[in-house]
Amino acid sequence: MKEKYLVINAGSSSLKFTLYSMPEAVEIVNGLIEKIGEGDSSYTLKFDNKKISNEEEINNHTEAVKVMLRELLKNNCIESIDEIKGIGHRVLHGGELYSGSVLIDEEVMNNITNLIKLGPLHLPGEIAGINSMIECLPDVPQVAVFDTAFHQTMPEESYMYPVPYSWYKENGVRKYGFHGISHKYITKVMQEKFNKQDVNLIVCHIGSGASITAIKDGKSYDTTMGLTPLPGLVMGTRCGDIDPSIIEYICKERNLTVTEVTNILNKESGLKGLSGKNDFRDVTDLALNGDSKAKLAIALFERSVIKYIGQYYFELEGNLDAIVFTAGVGENVSYVREDIINFISKPMGIEINKEMNDNIARFKEHQTGIISTDDSKVKVMVILTDEEYMILEDTYKICNYKKQKVKGLK
Ligand code: ADP
């Protein structure tokens, strides 16, 4: 029988899924169920160059999973439910408990539930997704792949905040870092490209959410996001680094609660706060039409990337194999890469290969990804991230390790 694996990314009102056949890791179908429990729910499936979209009342995650399974069967993506041999779930936060992916059992679910306070915006939806999958497919092994796990190798000097030590010991206040699945994937690709494990990199994952990680000897050494995904770079709607005193000040000035301000810092700030638009394409269009706020938003965003490249270059003591750009903006927006590289060009001895940089988006999977000139001191590269594949790989490994263990016991 064919073996299929599902990768799930559940949100509070959405369920994204991708089905792969293994061991070839060929994507069969991907889909999205949206607005679960909001009255105007719908689902979309994409496969074989086809797209199916329908509206249907879907009240909760369990109903969403049932719709997904029904559609997978109806569209012959699977012949039977038994073909699904494993399910991988993206989980935002593993705290200090998880430095790798794990098979989900009751204890893991309890641990993730206890971490909700660290990821209140994401974990409840993800937990609902996992529980619904377990309810509908109780015999299929399920794996949790944490977005924080890769960063557990950071040294204390990187992850501690200079606040009372008891906040760390008693309340878990420290830098956890996010986008770990993407940073791990890029590190793996670069280890293969350079044919060595101990790569030193500065990985710029720049999408709507954005973070930069310093990779030392193939491991996360420092990263821009923190206790939550809010700090670091200027993002689509998140503010990135700001003076923490702004929170109390603006609460008083505008008669807002801390929760309201935190919400604004997460959802109404960054590019959106400055320019009114959070999508980089829209901000670029505004800037091209002379909008000064959009120009400022892009300048602040680029400046935040430059600052961290500089900081991490020094943290890595100048031992750097490559600077990598990835995710929506990093992969697609050549002028942003050009501005950033030109800014760091002199101090870092890097020069952009403009032709490669301008054309890389067109055939990126067939190219080396290098956008710096041959005589640059550090390579600059564009590499496509693939978080789904990383979740799939961990899930497949863990499910098959479990099978071998069971066989071994027999
Ligand atoms: P996330 O996964 O955090 O939602 P993505 O990595 O998908 O983010 O990146 C989304 C961002 O990338 C958006 O700001 C979008 O405008 C930008 N983006 C994606 N593709 C392109 C493109 N072809 N040209 C310009 N910007 C793009």
Output for the stretch 317-334, where each listed residue is within 18 Å of ILE350 (Cα to Cα) and of a type in the set (Ser, Thr, Tyr) | SER334
Matching option when the condition is in a loop (DSSP other than H, G, I, E, B), away from the ligand (no atom under 16 Å from the Cβ) and of a type in the set (A, V, I, L, M), among ILE242, ILE247 = ILE242
THR326 within 16 Å of the ligand (Cβ to nearest atom) and either open to solvent by 50 Å² or more (accessible area, probe 1.4 Å) or not charged (D, E, K, R) (or both) = yes
Spot the failing condition for HIS205; the list is (1) in a strand (DSSP E or B); (2) in contact with an Asp or Glu (Cβ under 9 Å, 6 or more places away or on another chain), and only one is missed.
-> (2)
Does ILE306 satisfy the criteria of being away from the ligand (no atom under 13 Å from the Cβ), over 25 Å from ILE246 (Cβ atoms) and touching a helix residue (DSSP H, G or I) at 6+ places or on another chain (Cβ under 6 Å)?
-> no
In this structure, is VAL258 open to solvent by 70 Å² or more (accessible area, probe 1.4 Å) and not charged (D, E, K, R)?
-> yes
Restricting attention to strands (runs of 3 or more DSSP E) lying wholly within the stretch 1-43, give those where 1 or more residues are surrounded by fewer than 18 Cβ atoms within 10 Å (Cβ to Cβ) and among the hydroxyl-bearing types (Ser, Thr, Tyr).
-> 15-22
Every residue from the stretch 203-218 that is surrounded by 20 or more Cβ atoms within 10 Å (Cβ to Cβ) and more than 16 Å from the ligand (Cβ to nearest atom) = ALA214, ILE215, LYS216
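The values are calculated or read from the model by the stated rules, or taken from the named source; none is laboratory data. None of these values were measured; they are calculated from a predicted model. Methodologically, a virtual Cβ is constructed for each residue, glycine included, from the backbone with ideal geometry; neighbour enumeration extends over all protein chains shown. The area values use the complete protein model at the heavy-atom level, side chains included, leaving out ligands, DNA and RNA. Shrake-Rupley method; radii C 1.70, N 1.55, O 1.52, S 1.80 Å.
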